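First comes the structure, then the notes that go with it.
Here, each number is a calculation from the coordinates, and none is a lab measurement. Bear in mind the structure is a predicted one, so any value in this text is a computation, not a measurement. A quick note on method: Cβ atoms are made from the backbone with ideal geometry, for glycine too, and the neighbour counts reach across all protein chains shown.
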Amino acid sequence: MFNKLTIDDYDLLGKKVLLRVDFNVPLNEQGNITSDKRIVESLPTIKRLQEKGAKIIICSHLGRPDGKPNPKFSLKPVAERLRKLLESPVFFNGDLVTPENRKFINNMENGEIFMLENLRFDPGEENNDLNFAKKLASIADIFCNDAFGTMHRAHASTVGVAKLLPNCIGLLVQKEITMFDKILSKPQKPVLAILGGAKIKDKINMIHNILNVANKVIIGGAMAYTFLVAKGYNVGASTIEKDKVPIAKMLLDIAEKNHVKIILPVDHVVAQEFSFMADSITIPTSGFKANDIGMDIGMHTIKLFKNEINSARTIFWNGPMGVFEFDKFSVGTRKIAEAVAESKATTIVGGGDSISALSKFGLEKKITHISTGGGASLQYLEGNGLVGLKAISDKIEV
Ligand code: AMP
């Protein structure tokens, strides 16, 4: 059970609270927010802080601006959405800690909200730079971390600032941790992980972690092609990460050593162009021609994966099985989502795309726990704890 300080352990009347949230929302080409779930999930904490009379300074990262200001990753649209959802003002001027902002914050009324610009516009954020953490700490009395999705990262706004201010966790983190503790203190076996999506680069640590927890791992989506190449298959023009083939090989070796069964697709819906209108055929793994692009898993694979889902007792799913944004290639992801939803196992779904898929197919209510943190939930699941959570002070038992 967690024993970290929470919002309710503090008298916050008139106090300036630096609230770290995870507003790393998906944006489309036009810069519009395509899912505001992460903003909605933070509302209970913001409202509780308002009720307690705190002055709220919200901070978050968005995307990967690599330590430089970049209008494409501004939190302006997020501040606007938050304003609409809360139906109350959210002050935002596109800056981090400046003398003007400091003055503004010092003059805030109780319950008012100010939002800083994207933390990753400063290189100090991702480097967990002490001076940047000190700057953040200097505008607040108390630090509250409610960014479950970034709890596994040691950044200035997660770990750095927690060392400099009295601190606590927010309601979302409290909810996630309580849920994970309940479900995973003794996970029912067999534990099945279903991993998909495109970027192995982003998920290496996650896959590595899961090999310590799961009995079986299904790999679908574009990621499967890099693993198939690692096993010596030709995958035509499918999306692969060539430089990650050695890592895929290494992960396959670790799985074998840990007696974890890795299950890869056996057939594929392929097209000749990456388009929502492309003609397609289904081929076995051994049947790729040079121009074939794997867009989705085939029916035999769906059957194979469903059998594994039906015999699992704990299921963790992260990442789509194909290019599910194109209806024509969403069948594999939908069938797997349905099988996970219908399964009697304890089911945990993490990661933005799997959550979008569940909501696209109307299956959210049938999942035991939908986590706002893909990487963080896996790290927590492995049992090593989360650096951001460790940085928060423990309750003192009296
Ligand atoms: P990620 O950001 O790594 O979680 O990957 C999610 C993305 O993977 C989604 O946008 C999917 O369209 C994409 N994806 C899944 N399967 C494939 C595939 N076979 N080829 C290309 N992209 C894919």
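Structure data summary
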| read-out | value |
| --- | --- |
| Overall dimensions of the chain as given by Cα atoms, namely Rg and Dmax in Å | 22.1, 69 |
| Reduced Cα scattering model of region 1-94, Debye log10 I(q)/I(0), q = 0.12 Å⁻¹ | -0.43 |
| DSSP-defined beta bridges in region 223-364 - what % are antiparallel, rounded to 5 | 70 percent |
| Rounded to 5, percent antiparallel among DSSP beta bridges of the chain | 25 percent |
| Contact order relative to length of the chain, as percent, for alpha carbon pairs under 8 angstrom and 6 or more apart | 16 percent |
| Translational D in µm²/s for region 17-68 (Stokes-Einstein at 37 °C, 0.692 mPa s, Kirkwood Rh from C-alpha pairs) | 264 µm²/s |
| Centre separation in Å (Cα based) which lies between region 297-331 and region 5-73 | 33 Å |
| Unit charges at the beta carbon, dipole of the chain: most positive-side option, ASN318, PRO190, ALA156 | PRO190 |
| Unit charges on C-beta of K, R, D, E only; dipole of the chain, Debye | 620 debye |
| For the chain, with +1 on Lys and Arg beta carbons and -1 on Asp and Glu, the positive-most of VAL235, MET206, ALA222 along the dipole | MET206 |
| From the C-alpha gyration tensor of region 187-381, square roots of 5λ in Å | 24, 20, 14 |
| Rounded tilt (10° steps) of 331-342 against the dominant C-alpha axis of the chain | 70 degrees |
| Quarter of the Cα convex hull surface for region 7-172, i.e. its orientation-mean projected area (nm²) | 8.4 nm² |
| Size of charge dipole - region 1-43 - debye, nearest 20, with Cβ of Lys, Arg +1 and Asp, Glu -1, no other charges | 140 debye |
| Flagged links, alpha-carbon separation over 29 Å, of LYS37/LYS244; LYS37/LYS103; LYS47/LYS103; LYS261/LYS344 | LYS37/LYS244; LYS37/LYS103 |
| Relative contact order (percent, whole number), region 251-398, Cα cutoff 8 Å, 6+ residue spacing | 16 percent |
